[in-house]
Amino acid sequence: MSLAACAQYGVLEQREIAGENDVYLLDTGDKLRITVFGQADLSGDFAVDGAGSVSMPLLPPIVARGLTTDEFEASVAAELGRRLLRNPNVSVQVMEFRPFFILGEVQRAGQYPYVSGMTVQSAVAIAGGYTYRANEDRVRITRNMGDRIVELGVNSKSVVMPGDTILVRERYF
(Lines give C-alpha, C1' and ligand atoms only; values in the text may rest on other atoms or scores of the structure.)
Protein backbone atom coordinates (compact mmCIF):
# COMPACT_ATOMS: atom_id res chain seq x y z
CA MET A 1 0.00 0.00 0.00
CA SER A 2 1.46 3.38 -0.97
CA LEU A 3 1.74 6.33 1.40
CA ALA A 4 -0.98 8.11 -0.59
CA ALA A 5 -3.25 5.10 -0.14
CA CYS A 6 -2.45 5.09 3.59
CA ALA A 7 -3.56 8.72 3.84
CA GLN A 8 -6.70 8.01 1.80
CA TYR A 9 -7.73 5.11 4.02
CA GLY A 10 -6.92 6.89 7.27
CA VAL A 11 -4.07 4.56 8.23
CA LEU A 12 -1.83 6.28 10.75
CA GLU A 13 1.39 4.49 9.83
CA GLN A 14 2.65 2.00 7.32
CA ARG A 15 5.75 -0.03 8.06
CA GLU A 16 6.79 -3.63 8.45
CA ILE A 17 5.81 -4.68 11.93
CA ALA A 18 6.81 -7.31 14.45
CA GLY A 19 9.45 -9.75 13.44
CA GLU A 20 10.32 -13.00 15.12
CA ASN A 21 13.01 -11.26 17.21
CA ASP A 22 10.74 -8.62 18.75
CA VAL A 23 10.51 -8.61 22.53
CA TYR A 24 7.20 -9.96 23.83
CA LEU A 25 5.53 -7.87 26.53
CA LEU A 26 3.05 -9.44 28.93
CA ASP A 27 -0.51 -8.12 29.12
CA THR A 28 -4.04 -9.02 30.16
CA GLY A 29 -5.09 -12.48 29.00
CA ASP A 30 -1.66 -14.12 29.06
CA LYS A 31 -1.43 -17.33 31.07
CA LEU A 32 1.88 -17.90 32.84
CA ARG A 33 3.57 -20.82 34.53
CA ILE A 34 5.52 -19.49 37.49
CA THR A 35 7.93 -21.91 39.15
CA VAL A 36 9.52 -21.04 42.48
CA PHE A 37 12.15 -23.74 42.84
CA GLY A 38 11.80 -25.72 46.06
CA GLN A 39 8.40 -24.13 46.80
CA ALA A 40 5.62 -26.18 45.19
CA ASP A 41 2.92 -24.26 47.10
CA LEU A 42 4.03 -20.96 45.51
CA SER A 43 4.38 -22.39 41.99
CA GLY A 44 1.61 -22.85 39.46
CA ASP A 45 -0.26 -21.48 36.47
CA PHE A 46 -1.50 -17.90 36.79
CA ALA A 47 -3.32 -15.46 34.50
CA VAL A 48 -2.54 -11.79 33.98
CA ASP A 49 -5.77 -10.12 35.15
CA GLY A 50 -7.61 -7.09 33.77
CA ALA A 51 -5.46 -4.74 35.82
CA GLY A 52 -2.30 -6.24 34.30
CA SER A 53 -1.26 -7.98 37.51
CA VAL A 54 -0.71 -11.55 38.67
CA SER A 55 -1.98 -12.77 42.04
CA MET A 56 0.12 -15.46 43.69
CA PRO A 57 -0.38 -17.12 47.09
CA LEU A 58 0.84 -15.07 50.07
CA LEU A 59 1.83 -12.09 47.90
CA PRO A 60 0.06 -8.90 46.86
CA PRO A 61 -0.72 -8.60 43.12
CA ILE A 62 2.48 -8.14 41.09
CA VAL A 63 2.36 -5.95 37.97
CA ALA A 64 3.12 -7.89 34.78
CA ARG A 65 1.70 -5.60 32.05
CA GLY A 66 4.39 -4.18 29.83
CA LEU A 67 7.16 -6.40 31.22
CA THR A 68 9.12 -9.13 29.49
CA THR A 69 9.13 -12.57 31.14
CA ASP A 70 12.67 -11.90 32.41
CA GLU A 71 11.61 -8.59 33.98
CA PHE A 72 8.56 -10.22 35.53
CA GLU A 73 10.73 -13.05 36.91
CA ALA A 74 12.90 -10.42 38.60
CA SER A 75 9.80 -8.69 40.05
CA VAL A 76 8.45 -11.96 41.48
CA ALA A 77 11.85 -12.90 42.91
CA ALA A 78 12.23 -9.45 44.49
CA GLU A 79 8.77 -9.61 46.07
CA LEU A 80 9.37 -13.13 47.38
CA GLY A 81 12.75 -12.03 48.73
CA ARG A 82 11.20 -9.07 50.57
CA ARG A 83 8.36 -11.07 52.11
CA LEU A 84 8.99 -14.82 52.32
CA LEU A 85 12.23 -16.37 51.06
CA ARG A 86 15.97 -15.84 50.98
CA ASN A 87 17.42 -15.82 47.48
CA PRO A 88 14.36 -17.21 45.66
CA ASN A 89 14.94 -18.81 42.29
CA VAL A 90 12.01 -18.08 39.94
CA SER A 91 11.18 -19.11 36.39
CA VAL A 92 8.34 -17.65 34.27
CA GLN A 93 7.02 -19.13 31.01
CA VAL A 94 4.12 -18.00 28.84
CA MET A 95 1.85 -21.05 28.62
CA GLU A 96 -0.94 -19.42 26.59
CA PHE A 97 -0.76 -16.13 24.72
CA ARG A 98 -3.63 -13.66 24.83
CA PRO A 99 -6.04 -13.98 21.88
CA PHE A 100 -6.09 -11.90 18.72
CA PHE A 101 -9.22 -10.33 17.22
CA ILE A 102 -10.30 -10.14 13.60
CA LEU A 103 -13.06 -7.88 12.28
CA GLY A 104 -14.56 -6.78 9.00
CA GLU A 105 -14.86 -8.71 5.79
CA VAL A 106 -14.06 -12.22 6.99
CA GLN A 107 -16.46 -15.16 7.25
CA ARG A 108 -16.36 -15.47 11.07
CA ALA A 109 -15.17 -12.30 12.79
CA GLY A 110 -14.28 -12.69 16.45
CA GLN A 111 -11.68 -13.62 19.03
CA TYR A 112 -9.31 -16.52 18.36
CA PRO A 113 -6.40 -18.14 20.20
CA TYR A 114 -3.00 -16.90 19.08
CA VAL A 115 -0.68 -19.34 17.29
CA SER A 116 3.06 -18.64 17.27
CA GLY A 117 4.37 -17.39 13.91
CA MET A 118 0.93 -16.25 12.73
CA THR A 119 0.59 -13.94 9.73
CA VAL A 120 -2.41 -11.91 8.56
CA GLN A 121 -3.05 -14.58 5.93
CA SER A 122 -3.20 -17.39 8.48
CA ALA A 123 -5.37 -15.27 10.80
CA VAL A 124 -7.85 -14.73 7.96
CA ALA A 125 -7.81 -18.49 7.27
CA ILE A 126 -8.63 -19.20 10.93
CA ALA A 127 -11.58 -16.80 10.60
CA GLY A 128 -12.95 -18.75 7.61
CA GLY A 129 -11.38 -16.70 4.81
CA TYR A 130 -12.32 -13.41 3.16
CA THR A 131 -15.90 -12.55 2.22
CA TYR A 132 -16.68 -11.75 -1.41
CA ARG A 133 -16.65 -8.03 -0.50
CA ALA A 134 -13.22 -8.04 1.18
CA ASN A 135 -10.50 -5.71 -0.05
CA GLU A 136 -7.41 -7.80 0.61
CA ASP A 137 -5.19 -4.74 0.06
CA ARG A 138 -6.91 -2.71 2.81
CA VAL A 139 -5.99 -4.52 6.01
CA ARG A 140 -5.06 -2.76 9.24
CA ILE A 141 -3.66 -4.00 12.52
CA THR A 142 -4.22 -2.13 15.75
CA ARG A 143 -1.49 -3.00 18.24
CA ASN A 144 -0.66 -2.00 21.79
CA MET A 145 3.04 -1.10 21.70
CA GLY A 146 3.44 -0.74 25.47
CA ASP A 147 3.25 3.03 25.85
CA ARG A 148 1.04 3.73 22.83
CA ILE A 149 -1.51 2.14 20.53
CA VAL A 150 -0.67 2.22 16.83
CA GLU A 151 -2.71 1.46 13.75
CA LEU A 152 -0.72 0.05 10.85
CA GLY A 153 -1.44 -0.70 7.21
CA VAL A 154 -0.22 -4.23 6.52
CA ASN A 155 -0.12 -6.92 3.87
CA SER A 156 -1.01 -10.61 4.08
CA LYS A 157 2.56 -11.62 4.99
CA SER A 158 2.77 -9.30 8.03
CA VAL A 159 3.26 -10.97 11.41
CA VAL A 160 0.38 -10.92 13.90
CA MET A 161 1.14 -10.62 17.61
CA PRO A 162 -1.01 -11.65 20.59
CA GLY A 163 -3.64 -9.03 21.40
CA ASP A 164 -3.67 -7.55 17.87
CA THR A 165 -6.93 -6.46 16.28
CA ILE A 166 -7.03 -7.10 12.53
CA LEU A 167 -9.53 -5.17 10.39
CA VAL A 168 -10.22 -6.31 6.82
CA ARG A 169 -11.86 -3.45 4.96
CA GLU A 170 -14.62 -3.62 2.36
CA ARG A 171 -14.12 -3.02 -1.34
CA TYR A 172 -16.57 -0.92 -3.28
CA PHE A 173 -16.47 -2.63 -6.68
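The values are calculated or read from the model by the stated rules, or taken from the named source; none is laboratory data. As the structure is a prediction and not an experimental result, all values here were calculated from the model. Note that each Cβ is placed from the backbone with ideal geometry, even for glycine, and that neighbours are counted across all protein chains shown. SASA here: full protein model, heavy atoms, side chains in, ligands and nucleic acids out. Shrake-Rupley method; radii C 1.70, N 1.55, O 1.52, S 1.80 Å.
Beta carbons closer than 7 Å, at least 6 apart along the sequence or on distinct chains, pair a first residue in the stretch 99-123 that is over 15 Å from residue 156 (Cβ atoms) and assigned to a strand (DSSP E or B) with a second that is open to solvent by 80 Å² or more (accessible area, probe 1.4 Å) and of a type in the set (S, T, N, Q) for 101/111. Inspection of the stretch 88-97 identifies at least one residue that is among the aliphatic types (A, V, I, L, M) and open to solvent by 50 Å² or more (accessible area, probe 1.4 Å).
Reported count of residues in the stretch 138-156, each being open to solvent by 20 Å² or more (accessible area, probe 1.4 Å) and either part of a strand (DSSP E or B) or at negative phi (or both), is 10. Residue 36: closer than 22 Å to residue 114 by Cα, at pLDDT 95 or above and in contact with a Pro (Cβ under 8 Å, 6 or more places away or on another chain), yes or no? It is false that residue 36 is closer than 22 Å to residue 114 by Cα, at pLDDT 95 or above and in contact with a Pro (Cβ under 8 Å, 6 or more places away or on another chain).
So for the stretch 64-81 (the condition being assigned to a loop (DSSP other than H, G, I, E, B) and among the basic types (Lys, Arg)), does at least one residue qualify? Yes, the stretch 64-81 contains a residue that is assigned to a loop (DSSP other than H, G, I, E, B) and among the basic types (Lys, Arg). Would you call residue 159 surrounded by 13 or more Cβ atoms within 10 Å (Cβ to Cβ), at pLDDT 95 or above and within 17 Å of the chain's Cα centre (by Cα)? Judged against the criteria, residue 159 is not a match. Which numbered condition in (1) acidic (Asp, Glu); (2) under 18 Å from residue 165 (Cα atoms); (3) modelled with pLDDT of 95 or more is the only one that residue 137 fails? The one condition residue 137 does not meet is (3).
Of the residues in the stretch 82-98, how many are touching a residue at least 24 places away in the same chain (Cβ under 8 Å) and in a loop (DSSP other than H, G, I, E, B)? First the steps, then the outcome.
Within the stretch 82-98, the first condition is being touching a residue at least 24 places away in the same chain (Cβ under 8 Å), and the residues that meet it are 83-85, 88-98.
If we keep only those that are in a loop (DSSP other than H, G, I, E, B) too, we end up with 84-85, 88-89, 97-98.
Qualifying residue count for the region: 6.
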